Structures are given as C-alpha cells and as structure tokens.
Amino acid sequence: MRIANGTVVDPVAQTATRLDVLVEDGRIAAVEPGDQLEAEAEPYDARGCLVVPGLVDMHVHLREPGYEYKETIATGTAAAVAGGVTSVACMANTNPVNDSSAVTRFILEQAAAARLARVYPIGAVSVGLAGKQLAEFGEMRRAGIVAVSDDGMPIMDAGLMRRALEYAKLFDLLVIAHEEDTCLRCDGVMNEGLTSVRLGLRGSPAASEELMVARDVALAELTGGRLHVAHVSTARSVAMIREARARGLAVSAEATPHHLFLTEEAVAEYDGNAKMAPPLRTRADVEALRAGLADGTIEAIATDHAPHHPDEKDCEFDQAANGIVGLETALGLGLRLVAEGVLDLPTLIARMTVGPARLLGIPAGTLAVGAAADVAVIDPERRWRVAARSFKSKSRNTPFDGWDLQGKAIATFVGGALVYEDRTTAPPLRVAS
Ligand SMILES: [Zn+2]
Ligand SMILES: [Zn+2]
C-alpha cells in the first residue's frame, strides 16, 4: 500500500513535505517523493491532506474492566482511531484496579480482540489505589505496563511517593502523578477564586496542585526517578516544571485540550461537563499552559478521556462526576492551537506523537522506515461541528459539543490496516468562527 500525494509532517525533523508513504507488511518501507518510488503498491490518495504518525494519547480511561456501561476497550479504541489516535495508554482506576499482571493481561487481550488502536496499560502505584502499599511493578512490567499511576487518587503519603519513584527506576517506568493535595482541595468542585464565590460553589485553590508539584519535584531530585505531571493546570506548576527541567531533572508534563481552551468561566452554567479534576482555571493559567506547550516544558497533549454515563453528569454540579471525553475532539482542538498561532504544525504533531511516545518508551509516533505503519491522514480543510451524539465513545460528556472545528482525521491506519475512514461526502458546514 502507498499513501500517495499527501503532505508528510515529520515531528522530529520539523518538516512538512509532499511525499508518498510506502507500507509493506504493516511497516513503513519508504517515505519518498512519489516519482522516486517505483513500487506498484495500491495507492491511497491523500491529495490535499496531511499525513502524520498516528497520534499517541498517554492519558485515557477505558473503564474496562468494571465500568463497561461508561466505555469498553472496544468502544474506547474506536473513539481513538476516529480521532486519528493509534496508541493509547490507559489508567489503572478500573474495577478491579490494574495492580496485578492478571488485570494487565486482561486489558491487552481485550485490546487485541478489538483490533483498533494499540493499548498500553498503566499499572497502579499502590495496591487498590489505596495509597498504602506499592503494587508489584516488576510483575506488571513483564505483563506489559509502560508506566505507573494512581491517577484519580493523589498520592498523599510523601514516603510512599518516594518509594514509588525509587522502585519505578528499577524497571524504567514513568511515575505519572495526579497532583492535588486532597486536604487542601477538601470538597472543592471548581477553581477557587472570585468566580467560585460568585457562583456559590466550593473552590479548590491552585495551591492544592502546586504544593504537590513542588513536593514531587523535590522527590524526583532526591530519587532520580522519572516524574510525569498529569493534566498540569496552573501557571505556577508550569514554572516549577520548567525550572526543574532546566536543572536537568527527569520531570515532564502533559496538558489536556480542555485546560488549554476553557477557563473557570465555563462553570457559569453549572454544566457538569465543565467539572473536572484538576478544575478549569483562569485565563492567565491557560496562557501559561500554552506557553509551556510551545517552549517544550510540556511535552505532550493528552486528553484524560474520562467517559461517564449521562446520569453521572446531568445532575447538580456538586454531585457530578469529574472528567470529560476527549479522544474524538483532541486533534481538531489541537489544530485550532495552530490556527491561533500558539504552535506551528510540526510542533503540534510532535506533542501528540513523538513527545508522549518517548515519555512512555513505546515504539510509536514516527514514520521512520521500519516503524509500524500507524498513520493518520488529516484533511486540514474539513470543517465540522462536534456532535457528541455521534461519538464512537459510549459516553457523551464533552463541553465541546456544538463547537465548529477545522481539520479532521479522515483515515487512520494501524500496522498498515485501515481501521477508520470518514466517508462523509456532505458539503462542508458553513462556519461562523
Ligand atoms: Zn487525574
Ligand atoms: Zn485521568
């Protein structure tokens, strides 16, 4: 097969060049100008499109086992490939928790059966996410985990976090931290500030994240372990991470599309789809996240795709579950960052491919010859309106429903196999903004 006539975006070389991609036996066999390829492979016409490595989302909740009413590995990976995502790392807060090789193996078996996106399980830091006793990192590593995290549950015991960073080093595992001091967050449901006062909702201060980032940067320095800050949300956190990296510490971070686009003002309608942990912050925080993404302090865009049943979201704001789905909107929102001049196109693609792939140490995010042929074909002109009702995900909880975006994956290949194709032939929507 030959993906012909597209503009190949190379996130490492930072180039965008008119090239053909030749695929043989599921791997990239050549990336060359079309007239220099003599192969008679069947062409897939990507004229007018961008051809990029399949996107890598390092922070996804697939909900299986245990919460299949929200999402399954099959529906979650269908949502992934519909968004151009070919590799996902899935968090351990399932039921049972992924704190053993048996659960890790189950996840990998379900993923293999679904035959859509590649799935990389993340193991729990602590048994049952209880924050008391370290899980068996080595056993899970041999079964296939690529990182450890108690995501959803902050690790409040600094001694346990220290041991986790030390233990993870033995197995070259990234420790992904959900940074919120639960004592300080208390029962806050949105960012603490004038807006929370005006809305009469209990707030969680930026300091609840920043204290934990400061603590864990100190522990990364003490142990030499690899700390990754999940869904960073405040300006001061970004500054601390930038400073730690400048000192050569193995500290990294990801930002979510929602923290890059929305502020606490989105809560004004008391819409449960604006509720997440950490919460949406201020305009100044959004600007700092964008700057951190542009200068490389933040190496990855990750969705924190968190499906919930409508009953868990269409209720009082206080009671609503935390989190939103993101796999099917991340690329369109990312391209908006390019349109707004926050990032250039190769940098955006780097943050969604090689950045997270390197952090996890997985063979993804590249179109190098010999790599698996995981490829997304993006129509950069396609204007489309987010319609949650037609998501491949089982869940609909998104604050972006009805947003007009430009740029969409129209074909997704995993190991050279076409696993998603957008056959929309309707004329493009007329778009106001
Ligand atoms: Zn989290
Ligand atoms: Zn999460």
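The values are calculated or read from the model by the stated rules, or taken from the named source; none is laboratory data. Since the model is a prediction, treat every value here as computed from it, not as a measurement. Every residue, glycine as well, gets a Cβ built from its backbone with ideal geometry; the counts of neighbours run over all protein chains shown. Heads up: the accessible areas ignore ligands, DNA and RNA and are worked out on the full protein's heavy atoms, side chains in. Shrake-Rupley method; radii C 1.70, N 1.55, O 1.52, S 1.80 Å.
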Checklist entry - What about Gly370, is it out of contact with any Lys or Arg (no Cβ under 9 Å at 6 or more places or on another chain), at positive phi, assigned to a loop (DSSP other than H, G, I, E, B) and not aliphatic (A, V, I, L, M)? => result no
Next on the checklist: Exactly one of these conditions fails for Met161: (1) more than 16 Å from ligand 1 (Cβ to nearest atom); (2) in a helix (DSSP H, G or I). Give me its number.
Outcome noted: (1)
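Yes or no, residue by residue, for (1) in contact with a Pro (Cβ under 7 Å, 6 or more places away or on another chain); (2) of a type outside the set (Ser, Thr, Tyr):
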| site | (1), (2) |
| --- | --- |
| Thr347 | no, no |
| Met352 | no, yes |
| Gly355 | no, yes |
| Leu367 | yes, yes |
| Gly370 | no, yes |
| Asp374 | yes, yes |
| Ile378 | no, yes |
| Phe400 | no, yes |
| Thr412 | no, no |
Checklist entry - Applying the selection to the stretch 332-369, what residues are β-branched (Val, Ile, Thr) and under 12 Å from Pro11 (Cα atoms)? => result Thr347, Ile349, Thr353, Val354, Thr366
Checklist entry - With respect to Ala268, is the statement that it is open to solvent by 30 Å² or more (accessible area, probe 1.4 Å) and under 17 Å from Glu180 (Cα atoms) true? => result no
Next on the checklist: For the structure I just gave you, tell me whether Arg245 is within 21 Å of Pro356 (Cβ to Cβ) and more than 16 Å from ligand 1 (Cβ to nearest atom).
Outcome noted: yes
Checklist outcome for this item: In the stretch 406-426, anything surrounded by fewer than 21 Cβ atoms within 10 Å (Cβ to Cβ), closer than 19 Å to Gly26 by Cα and in contact with a Lys or Arg (Cβ under 9 Å, 6 or more places away or on another chain) is listed as Gly415, Gly416, Ala417
Checklist entry - Can you tell me which residues in the stretch 72-108 are out of contact with any strand residue (DSSP E or B) (no Cβ under 8 Å at 6 or more places or on another chain), closer than 18 Å to Gly323 by Cβ and away from ligand 1 (no atom under 16 Å from the Cβ)? => result Thr72, Thr75, Asn95
Next on the checklist: Here's a check for you: in the stretch 123-158, which residue that is in contact (Cβ under 8 Å) with a residue 60 or more places away in the chain and within 16 Å of ligand 1 (Cβ to nearest atom) is surrounded by the fewest Cβ atoms within 10 Å (Cβ to Cβ)?
Outcome noted: Gly152
Checklist entry - Restricting the stretch 271-317 to residues that are away from ligand 1 (no atom under 16 Å from the Cβ) and hydroxyl-bearing (Ser, Thr, Tyr), which is most open to solvent (accessible area, probe 1.4 Å)? => result Thr282
Checklist entry - Across the stretch 1-39, which residue is most open to solvent (accessible area, probe 1.4 Å) among those that are more than 27 Å from the chain's Cα centre (by Cα) and polar (S, T, N, Q)? => result Gln36
Checklist entry - Counting residues that are in contact (Cβ under 8 Å) with a residue 40 or more places away in the chain and within 22 Å of the chain's Cα centre (by Cα), which helices (runs of 4 or more DSSP H) fully inside the stretch 181-266 reach at least 1? => result 206-223, 235-246, 257-261
Checklist entry - Where in the stretch 49-119 are there strands (runs of 3 or more DSSP E), lying wholly inside it, with at least 2 residues that are closer than 23 Å to Val148 by Cβ and within 20 Å of the chain's Cα centre (by Cα)? => result 55-60, 85-90
Next on the checklist: Please pick out the residue among Val354, Val286, Val338 that is touching a Ser or Thr at 6+ places or on another chain (Cβ under 8 Å), at pLDDT 95 or above and farther than 24 Å from Thr195 by Cβ.
Outcome noted: Val354
Next on the checklist: Looking at the stretch 173-199 only, could you name the residues that are within 16 Å of ligand 2 (Cβ to nearest atom) and over 18 Å from Glu264 (Cα atoms)?
Outcome noted: Leu174, Val175, Ile176, Ala177, His178, Glu179, Thr182
Checklist entry - From the list Gly355, Gly365, Gly341, which one is surrounded by fewer than 17 Cβ atoms within 10 Å (Cβ to Cβ) and either at positive phi or in contact with a strand residue (DSSP E or B) (Cβ under 7 Å, 6 or more places away or on another chain) (or both)? => result Gly341
